[in-house]
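**Q** Provided herewith is a single structure, encoded as structure tokens, for subsequent inquiry.
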């Protein structure tokens, strides 16, 4: 499976990165050509759009490889051991069904008559060429889902356990130690409470002594009558 993952990753990276680089280069070249010479590549906008569409579907496979698609993972995050592995495998099987179904429909779409007879406005390409982005992308998505599901089945349940707090901290670019809660302990709390209690008693004693000095014999501290 490691060899399959290696070669599959290369294909995904080349397709996704190549389409995105080509779209960027073509867009920059069209802008420079228009500003410098005044010539316009009338087909450049359409080509850039199609290249970005291809890059989007190929990039979805790369995102799946890193397991960074939006997902509700409350149960896998709270569970451990075999229960966690069960939900991981269940999620992989659900992804397989979805990707396989969309891939089947996309290839079926290419065989439709209108996909061969319809041409694009500027590039004059048959529509099935553009539809290949969905077909090839979802096929690669399905193959990657198979690889990840098989890997999850072979991985021991103990290795699937992860520190959710550490992953959330890494996602926002901070260290988990920076958000750790420091417990002072009962001894420090007791000392703080004792110090506060002694301070309160001392304040009360000072107030009582001051009242006695002003109240005894009706004289103030200098001995004169008020």
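The values are calculated or read from the model by the stated rules, or taken from the named source; none is laboratory data. Keep in mind that this is a model prediction, so the values were computed, not measured. Neighbour counts are summed over all protein chains in view; Cβ atoms, including those assigned to glycine, are modelled from backbone coordinates with ideal geometry.
**Q** For residue 79, indicate whether it is surrounded by 15 or more Cβ atoms within 10 Å (Cβ to Cβ) and over 24 Å from residue 141 (Cβ atoms).
**A** yes
**Q** Need a quick list: helices (runs of 4 or more DSSP H) entirely within the range 102-174 having at least 1 residues that are at pLDDT 95 or above, touching a strand residue (DSSP E or B) at 6+ places or on another chain (Cβ under 8 Å) and exposed (fewer than 14 other Cβ atoms within 10 Å of the Cβ).
**A** Values: elements: 113-117, 127-154, 164-171.
Per the criteria, no element qualifies.
**Q** Would you confirm whether any residue within the range 26-35 is surrounded by 14 or more Cβ atoms within 10 Å (Cβ to Cβ), under 28 Å from residue 100 (Cα atoms) and in contact with a helix residue (DSSP H, G or I) (Cβ under 6 Å, 6 or more places away or on another chain)?
**A** No; the residues of the range 26-35 include none that is surrounded by 14 or more Cβ atoms within 10 Å (Cβ to Cβ), under 28 Å from residue 100 (Cα atoms) and in contact with a helix residue (DSSP H, G or I) (Cβ under 6 Å, 6 or more places away or on another chain).
**Q** Please state which of the following conditions residue 47 fails to meet, knowing it meets all the rest: (1) touching a residue at least 60 places away in the same chain (Cβ under 8 Å); (2) within 21 Å of the chain's Cα centre (by Cα); (3) surrounded by 19 or more Cβ atoms within 10 Å (Cβ to Cβ).
**A** With (1) touching a residue at least 60 places away in the same chain (Cβ under 8 Å); (2) within 21 Å of the chain's Cα centre (by Cα); (3) surrounded by 19 or more Cβ atoms within 10 Å (Cβ to Cβ) applied to residue 47, the lone miss is (2).
**Q** Identify, by number, the condition in (1) over 20 Å from residue 129 (Cα atoms); (2) in contact (Cβ under 8 Å) with a residue 60 or more places away in the chain that residue 72 doesn't meet.
**A** Going through (1) over 20 Å from residue 129 (Cα atoms); (2) in contact (Cβ under 8 Å) with a residue 60 or more places away in the chain one by one, residue 72 breaks only (2).
**Q** Within the range 45-58, count every residue that is modelled with pLDDT under 95 and in contact with a helix residue (DSSP H, G or I) (Cβ under 7 Å, 6 or more places away or on another chain).
**A** The qualifying residues number 0.
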